[in-house]
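The structure appears right after this line, and notes come after that.
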Amino acid sequence: MAKLIMTLDGAVIREYHIDKDSISVGRKHGNDIQLNDLTVSGRHSLITVMGDNTYVDDLGSTNGTLLNGARVAKSVLKHGDLIQVGNYQFTYFSDDQEEYEPTMFLRAEIEDTQIIQTNPPKTGDAKGEPLAAVKILNGPLKDKVLELRKPFNTLGFNGIKMAMIARTMDGYTIATIHSTKLRRANDAPSINGKLLVGDSQYLHSNDIIELAGTQMQFFYID
């Protein structure tokens with residue numbers, strides 16, 4: 001039986017078995033999964049099972065439903081896919097016998113004010129700028145590609161926010177989010193093997209970002 005693992009900032013909140021034809025997700029009472037989150041619409045998303053396939057549908061929500069970082073209207077789910085509804089993420093497991101190990105997470109921020117920088121970049125209207133993404137190179141999410149469509153995108157590990165990627169009018173920048181909760185000094189973000197320190201810096205194609213042992217490659221989508 002397939003299942004969904006609900007997480008918030010990488011911390012596991014609850015596990016849901018997909019044991020019926022459809023599971024509704026939203027803020028209002030009556031949803032199968034009710035989320036107390038103002039960024040979530042009353043009826044936000046629907047998980048449906050049709051034959052051998054499981055689908056995620058956006059129900060016309062205000063902030064959209066993201067699948068692996070990209071906004072979708074309807075899409076078939078694959079093992080390991082990441083669904084984002086408001087500030088929550090759901091990892092889809094096609095086999096409920098497989099254990100979930102919370103590791104790296106990437107989340108598109110709904111509120112731009114969550115960035116923590118001394119001199120935050122001006123994002124303006126970056127919709128016309130080239131779109132970029134990161135590809136996970138190791139760990140449970142290996143080979144997953146996550147598009148960086150939002151103005152701000154959080155990178156973290158086990159519920160700890162560690163870095164912020166901002167989409168600006170001049171490209172993409174990355175900055176450290178300082179935390180006293182890091183277990184080891186080498187858990188701090190690095191770019192191409194060098195620790196990320198000081199103010200934000202611009203990312204270039206094929207840069208390797210590493211967070212707590214998880215590596216990802218930054219690239220622009222043609």
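The values are calculated or read from the model by the stated rules, or taken from the named source; none is laboratory data. Predicted model only: the values in this text are computed from it and were never measured. Cβ coordinates were reconstructed from backbone atoms using ideal geometry, including for glycine residues, and neighbour counts include every protein chain displayed. Calculation scope for accessible area: heavy atoms of the full protein, side chains included, ligands and nucleic acids excluded. Shrake-Rupley method; radii C 1.70, N 1.55, O 1.52, S 1.80 Å.
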Which ones in region 8-27 are within 16 Å of residue 87 (Cα to Cα), open to solvent by 70 Å² or more (accessible area, probe 1.4 Å) and assigned to a loop (DSSP other than H, G, I, E, B)? 27
Every listed condition ((1) modelled with pLDDT of 90 or more; (2) closer than 26 Å to residue 78 by Cα) holds for residue 191 save (2)
Only one of 46, 66, 4 that is crowded, with 17+ Cβ neighbours inside 10 Å, touching a Phe, Trp or Tyr at 6+ places or on another chain (Cβ under 7 Å) and outside any loop (DSSP other than H, G, I, E, B): 4
Which residues, taken from region 49-60, are assigned to a loop (DSSP other than H, G, I, E, B) and surrounded by 13 or more Cβ atoms within 10 Å (Cβ to Cβ)? 59
Any chance region 143-156 includes a residue that's modelled with pLDDT under 70 and within 21 Å of residue 188 (Cβ to Cβ)? no
Based on this model, can you work out whether residue 196 counts as open to solvent by less than 60 Å² (accessible area, probe 1.4 Å), modelled with pLDDT of 80 or more and touching a Lys or Arg at 6+ places or on another chain (Cβ under 7 Å)? no
Does any residue in region 8-30 that is on the phi < 0 side of the Ramachandran plot come within less than 6 Å, Cβ to Cβ, of a residue that is at pLDDT 90 or above and among the β-branched types (Val, Ile, Thr) six or more places away or on a different chain, and which pairs are these? 21/49; 22/48; 23/47; 25/33; 25/85; 27/40
Can you find a residue in region 116-129 that is touching an Asp or Glu at 6+ places or on another chain (Cβ under 7 Å) and at pLDDT 55 or above? no
